[in-house]
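Chemist: Sharing a structure here in structure tokens format.
The values are calculated or read from the model by the stated rules, or taken from the named source; none is laboratory data. Since the model is a prediction, treat every value here as computed from it, not as a measurement. Positions of Cβ are generated from backbone atoms using ideal geometry, with glycine treated the same way; all protein chains shown enter the neighbour counts. To get the accessible areas, we keep the full protein, side chains included, count just its heavy atoms, and leave off ligands, DNA and RNA. Shrake-Rupley method; radii C 1.70, N 1.55, O 1.52, S 1.80 Å.
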Amino acid sequence: MKNTSIETLFNHGLREAENQVPEGTWKEIEDQLDIVLPIKNAPETIQKGKIGTAGKVIVGTAMIIGVIVTSFLLFQNEKTAPAIDHAQNIIQTEIHLQEQPALHSPADSKMKVETIIEEPFVVKQEVNESNRMISHELFTSRDDINPLPDQTTETETITKPLQEVVAAEPVQTKIAEPEPVVAERAFQNVTGEAVISPTEEMENPAESMLKPELHFNEVVTPNADNINDIFRIETNEAVESFTVTVMNLSGNIIHQWHAPNGFWDGRLENGSLAPAGKYLIDIFVQPVNGAPYHIPATVQLIR
Amino acid sequence: MQLFASDLNLIKCLTSMTDEKLVRRCLKNNREAQRELFEKFSGKMMTLCIRYAGNQEDAKDILQEGFIKVFQNLNQFSGKGSLYSWIRAIMVTTALRFIRKSSYVTEMVDLNDTNIPDNISHPESILNSKDLLEIISRLPAGFRTVFNLFAIEGYSHKEIGQMLEISESTSKTQFIRAKARIQHLIKEYNPALSV
């Protein structure tokens, strides 16, 4: 009877399983992308440092609007005098905010204020409109040049696991280091070295692509002489992850591990010594590039 | 056989080349390419998100947040590993951050029977990936997180301890308890299964 451990069952059943993505998910992502990574058709110039030009164009537009409105309103009297001061304050704060990124000269904004105070209510609306346009543009450009603080922190948190994943092999070598005698002597034993590389004879078209390699001993002699006392797997960096299953000849699982530093010491799961004899090994390899595959092997347990 | 191996190799190579092209297009902020990338990986990533979130709604939130991060940080993708595993790593981090908001180590469950056999007989024929996902979703968040990280993502208990800021031994006990709980759930899910 074939038995499967819970880990294997879930690992094989779910690791590559696909699920229906709820409808509209991409639309929502796209909407967010429009904020964090806006498409730059016209603003592309902004990104490349021509902020001055773009800014001037926008301020120029705002001024023209101001001038038009002013000339249109020249005919009207200053009957709203008390309201002007208040409105001026509002406008000035707005302009002050707008000045923060310093994309246009103070002279420009002064001129704007002067033109605006003639008639607060109507003009304010106009300015507000141009403001919105300007501030949107500024946000865009600022966003591109200096990412917002919270984005920076996110970037940092992400980089960490990435490096861990990409550079998984330093961890492995570190782990292998403390017992080099065991490992190296083990592999040069009478039975020789088992090297499995599925595409070894192939001329690899992509030079950057490493072939997955797995090294392991074919004999286990758990007698504490530091030679082949344990069964373990060593891989190169082209192997992203692997699962090793040790089974007896009737297919019952004796031991299983995923971690690169996992091993089998010739014991059953309950800690008692496994009987001498042949054991089946199944290595489920997930290479960095490409589809996962199984490597069947055997190991001789000698007591 | 040799021919087969060469074909396989070529396919692998082409896959990584298409990924590279896709990444380059995405880096130009091409929405069409970004959608392509999303559609290519979203199915598997959805499963991953459900595994950690335990429900569809939260999974969708994690998926969205994760993909936004993917696009924002794509310029940091070195091209050394596969794009797929890079995206996976981002999704896992995003999911963990999401779960961290709710506590995951607090839920300890009394188990009167901790000495449950590890193996299930012939479960594949009865439990498909949907069933497995359902079972995982019924686990308490703490168990689910550790079980996912160890059994499916393949991290070691030491790494999990660092990721979740818990001790290595806590990770181990959480995992053993998670497994015991899964045994119960499988039995509940399908009493016909010999556990």
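Chemist: Compare B:Lys60, B:Lys158 by solvent-accessible area with a 1.4 Å probe and give them largest first, with all protein chains kept in place.
Modeler: Largest to smallest exposure gives the sequence B:Lys158, B:Lys60.
Chemist: Can I ask one more? Near the amide H of B:Gly54, under 5 Å away, which other amide H atoms are found, from residues 5 or more places off or on another chain, if H is placed in the peptide plane?
Modeler: none
Chemist: Excluding ligands and nucleic acids, what accessible area in Å² is computed for B:Ile87 using a 1.4 Å probe, to the nearest 10?
Modeler: For B:Ile87, the solvent-accessible surface is approximately 0 Å².
Chemist: Calculate, for B:Glu36 and B:Asp61, the FRET efficiency according to 1/(1 + (r/R0)^6) with r their C-beta to C-beta distance and R0 25 Å; round to the nearest 0.05.
Modeler: Using R0 = 25 Å, I get an efficiency of 0.65.
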